[in-house]
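The values are calculated or read from the model by the stated rules, or taken from the named source; none is laboratory data. Just so we're clear, the structure is a prediction, and the values are computed from it rather than from any experiment. As a convention, Cβ positions derive from the backbone with ideal geometry for all residues, glycine included, and neighbour counts pool all protein chains shown. Calculation scope for accessible area: heavy atoms of the full protein, side chains included, ligands and nucleic acids excluded. Shrake-Rupley method; radii C 1.70, N 1.55, O 1.52, S 1.80 Å.
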Amino acid sequence: MTPSFSSVLVNDAFGDPGVYVEIRWSKRALLFDLGHNDGLGARRLLRATDIFISHTHVDHFIGFDTVLRVALGRGKTLRLFGPPGLINNVQGKLQGYTWNLVDGYPLTLDVQEFHPQEIRRTLFRATDWFRPEEQPSRPLLPEPTTGRFTVLADPMFTVSAVSLNHRIPSFAYSLEEQFHINVNKQKLHEANLPVGSWLKEMKHYIWQGQPDEFRFTATLYDEHRREERELILGEVKEQFCTITRGQKIVYVVDARFDDENEAKIIALARGADLLYCESPYLDADKENARTRYHLTARQAGLMARKAQVRNLVVFHFSPRYTGQGEALEREARDAFLGT
Ligand SMILES: [Zn+2]
Ligand SMILES: [Zn+2]
């Protein structure tokens, strides 16, 4: 089985925090946080259609300029989600430049910020010199027990968030594939059907929840021949697809270790395939971590264990431990594995 999401840290564990998630087969990516991100390169940054920001401390937001720069002449709509104040932060960044020659550019920034009861939204269009255009807000509906709310619902996946205490709100995110569709290439071959973009369309219809009797026209390319064939969704699904559990990736940064944050993080990360969790401090310095509203490596490992995640990646190490990255990793791993 090839997973649909492939994720990487934007920088090494001592660098600015951030995770880049490529959605396979779709030439689309998601980005969590906007620290320094030049290392991703323009091609990968351009694929990011949706960006989820934990909070706008400088190490989580300074990469906004790089994204803006690469998207300016080529991008269409770029969505940014994040904490209260994000709209102002974006506006402030935009006001730092002169925009008299961009009115032919297609870029629109769609910025959405989370308030206790609503998600406020403002558009900034290059064609309008990035003047803010306020949009109607939508209700933010948190689950009463976990505080978790839906940020983005795509047919294929959902991104949800929870607000953590970092002395300011810091949002942790969970990315969940609805379910995973495996296509059996051997069976396709036996049925004389070529692979191709029609499989992507078929998956899209399945994710959309189209009924079994739904018909669609597939364009099939075999060698140099092109053929259009009408297919019935239920039949191809039955013959060539296996549906399995979807992938889940969780991103947690900048939060104090306290009962409320712990409960929220564990609920959000429950059963994740992969948890990216900050661990700036060693547990020996947990008082320091607490006063700075950050986690220790041990706390990250213990929460990952309680949430029964499959894999844990720790990062956002404090520069005070330069050269001791392995100690932070070991402490997190020991707590995670219970060794
Ligand atoms: Zn930080
Ligand atoms: Zn911070």
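In summary, the convex hull built on the alpha carbon positions of the chain has an orientation-averaged projected area of 20.4 nm². In this simple spin-label model, placing a label point 7 Å from the Cα along the Cα-to-Cβ direction at both Thr146 and Arg330 gives a separation of 3.5 nm.
Summary value for the stretch 180-243: 42 percent relative contact order, contacts being C-alpha pairs under 8 angstrom separated by 6+ residues. FRET efficiency for the pair Ala267 and Asp12, taken as 1/(1 + (r/R0)^6) with r the Cβ-Cβ distance and R0 = 25 Å, rounds to 0.25.
Within the shell defined by Cβ-Cβ distances under 15 Å, the residues around Ala218 carry a net charge of +1, with Lys and Arg each +1 and Asp and Glu each -1.
Annotation: the antiparallel percentage among DSSP beta bridges lying fully within the chain is about 70. Taking label positions 7 Å along the Cα-Cβ direction at both Asp128 and Ala42, the computed distance is 2.8 nm, reported to one decimal.
The alpha carbon centroids of the stretch 242-296 and the stretch 1-65 are separated by 18 Å.
The charge dipole of the chain, taken about its Cα centre with unit charges on the Cβ of Lys, Arg, Asp and Glu (plus for the first two, minus for the last two), comes to roughly 200 debye.
In the stretch 217-339, what percentage of the DSSP-assigned beta bridges are antiparallel, given to the nearest 5? Before the final figure, lay out the partial values.
On the way: 6 of 15 bridges.
Counting only bridges with both partners in the stretch 217-339, antiparallel ones make up about 40 percent.
Across the stretch 271-282, computed HN-Hα scalar couplings (Karplus, 6.51 cos²θ - 1.76 cosθ + 1.60, θ = phi - 60°) run x, 5, 6, 8, 10, 8, 10, 5, 8, x, 10, 7 Hz from first to last residue, x flagging Gly and Pro. Any idea how far apart Gln186 and Arg28 come out in nm if each label point goes 7 Å out from Cα toward Cβ? Each label point lies 7 Å from its Cα, and together they span 3.2 nm. Using a Gaussian network for the chain with springs between C-alpha atoms less than 10 Å apart, which of these wobbles most: Leu140, Leu175, Leu193? In the Gaussian network model the winner is Leu193. Candidates Gly104, Pro144, Ala71 compared by Cα position along the dipole of the stretch 70-151: farthest toward the positive end lies Ala71, with charges placed on Cβ. 3J(HN,Hα) couplings calculated from phi for the stretch 289-302 with the Karplus curve 6.51 cos²θ - 1.76 cosθ + 1.60 (θ = phi - 60°) are, in sequence order, 4, 5, 5, 9, 6, 10, 9, 9, 4, 5, 4, 4, x, 5 Hz; Gly and Pro show x. Surface composition of the chain: carbon and sulfur atoms hold 47% of the protein heavy-atom accessible area at a 1.4 Å probe. Distances between placed amide hydrogens fall under 5 Å for Thr49 paired with Ala29, all partners being 5 or more residues away or on another chain. Put simply, the amide H of Thr77, placed in the peptide plane, has neighbours under 5 Å in Thr108, leaving out anything fewer than 5 places away on its chain.
Normalised by the number of residues in the stretch 237-339, the mean separation of alpha-carbon contacts (under 8 Å, six or more apart) gives a relative contact order of 28 percent.
Taking the Cβ of Ala284 as the center, what net charge do the other residues with Cβ under 10 Å away carry, scoring Lys and Arg +1 and Asp and Glu -1? Don't jump to the answer; show the numbers that get you there.
Numbers: positive: Lys286, Arg298; negative: Asp283, Asp285, Glu287, Glu331.
Taking every Cβ under 10 Å from that of Ala284, the sum is -2.
Separation of the stretch 178-203 and the stretch 135-169, taken as the distance between their Cα centroids, equals 34 angstrom. Couplings for the stretch 129-146, taken from phi via the Karplus curve 6.51 cos²θ - 1.76 cosθ + 1.60 with θ = phi - 60°, read 6, 6, 6, x, 10, 5, 10, x, 8, 10, x, 9, 10, x, 5, x, 7, 9 Hz in order; Gly and Pro are left as x.
Using the Cβ atoms and a cut-off under 13 Å, what net charge is assigned to the surroundings of Leu86, where Lys and Arg are +1 and Asp and Glu are -1? So the surrounding residues net to +1.
Search the structure for amide H atoms under 5 Å from the amide H of His180, placed 1.01 Å from N in the peptide plane, and list their residues when 5 or more places away or on another chain. It is Thr244, Arg245, Gly246, by chain and number. For the stretch 266-317, the set of trypsin sites (Lys or Arg not before Pro) satisfying both a DSSP loop assignment and a count of at most 13 other C-beta atoms within 10 Å is given as Arg310.
What is the calculated FRET efficiency for Glu260 to Glu118, with r their C-beta to C-beta distance and R₀ = 22 Å, to the nearest 0.05? It would help to have the intermediate numbers written out before the result.
Values: r = 22 Å, r/R0 = 1.00.
Efficiency computed from Cβ-Cβ geometry: 0.50.
Judged by the mean number of other Cβ atoms found within 10 Å, the most tightly packed of the peptides 209-220, 323-334, 79-90, 142-153 leads the ranking 79-90, 323-334, 142-153, 209-220. Sites listed here are GluC sites (Glu not before Pro) in the stretch 217-266 whose DSSP assignment is loop and whose Cβ has at most 11 other Cβ atoms within 10 Å: Glu223.
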